[in-house]
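For reference, the structure discussed in these notes is given below.
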Amino acid sequence: MTEKTLILEGLPVDLDKIRSKLDLYFKNKRRSGGEVLQIQDYPGDKKKALLVYLEDASLQKVLAKRDHKIDFKKPIGVVELQVKLKENGGETKVKNVKPPLLPKRDNNLTLVGKSALNTEEKVILCLFVILHQVCHITIF
């Protein structure tokens with residue numbers, strides 16, 4: 001599977017300052033025409049970005065729209081951005097990244113002692129169990 005990439009041009013300011021607004025726009029199929037997988041920095045130019053798509057159909061719809069008007073609110077206002085296909089065909093290999101392994105939690109709680117508990121003792125035991133599970137606190 002390969003990713004397809006478009007170049008987004010005409011950013012009014014540094015990408016990092018407006019990334020969240022671009023994410024909202026380009027991840028909305030109704031507004032932009034297709035759902036972007038990722039927005040990346042354009043090497044060497046902070047006023048451009050790379051739009052990465054997995055589905056060719058989504059990329060084609062965004063490309064067909066060509067000009068995208070986005071309201072960045074004050075002080076920037078409405079800006080018209082242009083998209084074009086990356087020169088080399090826009091294809092890059094998808095990198096499979098494994099999520100980090102999280103440590104396993106020991107959910108065992110052993111009660112040693114009395115076999116019959118009264119109501120107050122049950123409430124206290126429930127609180128200990130909650131503290132153990134939520135806060136990882138062992139009281140004993």
- request: Would you mention how many residues in the range 29-42 are of a type in the set (A, V, I, L, M) and either assigned to a strand (DSSP E or B) or surrounded by fewer than 20 Cβ atoms within 10 Å (Cβ to Cβ) (or both)?
  value: 2
message: From the list Asp45, Asp106, exactly one residue is acidic (Asp, Glu), at pLDDT 85 or above and assigned to a loop (DSSP other than H, G, I, E, B). Which is it?
response: Asp45
- request: Select from the range 32-86 the residues that are among the aliphatic types (A, V, I, L, M) and without any contact (Cβ under 8 Å) to a residue 40 or more places away in the chain and list them in ascending order.
  value: Val36, Leu37, Ile39, Ala57, Ala64, Val78
- request: Scan Val36, Val52 and give me the residue that is modelled with pLDDT under 90 and among the hydrophobic types (A, V, I, L, M, F, W, C).
  value: Val36
- request: Could you please find all residues in the range 1-28 being open to solvent by 20 Å² or more (accessible area, probe 1.4 Å) and under 16 Å from the mean Cα position of the chain (by Cα)?
  value: Asp16, Arg19, Ser20, Lys21, Asp23, Leu24, Lys27, Asn28
- prompt: Considering only the range 55-76, how many residues are open to solvent by 70 Å² or more (accessible area, probe 1.4 Å) and more than 24 Å from Asp16 (Cβ to Cβ)?
  reply: 7
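The values are calculated or read from the model by the stated rules, or taken from the named source; none is laboratory data. Everything numeric here is computed off the predicted structure, so don't read it as measured data. Glycine also receives a Cβ, built like all others from the backbone with ideal geometry; neighbour counts cover every protein chain displayed. To get the accessible areas, we keep the full protein, side chains included, count just its heavy atoms, and leave off ligands, DNA and RNA. Shrake-Rupley method; radii C 1.70, N 1.55, O 1.52, S 1.80 Å.
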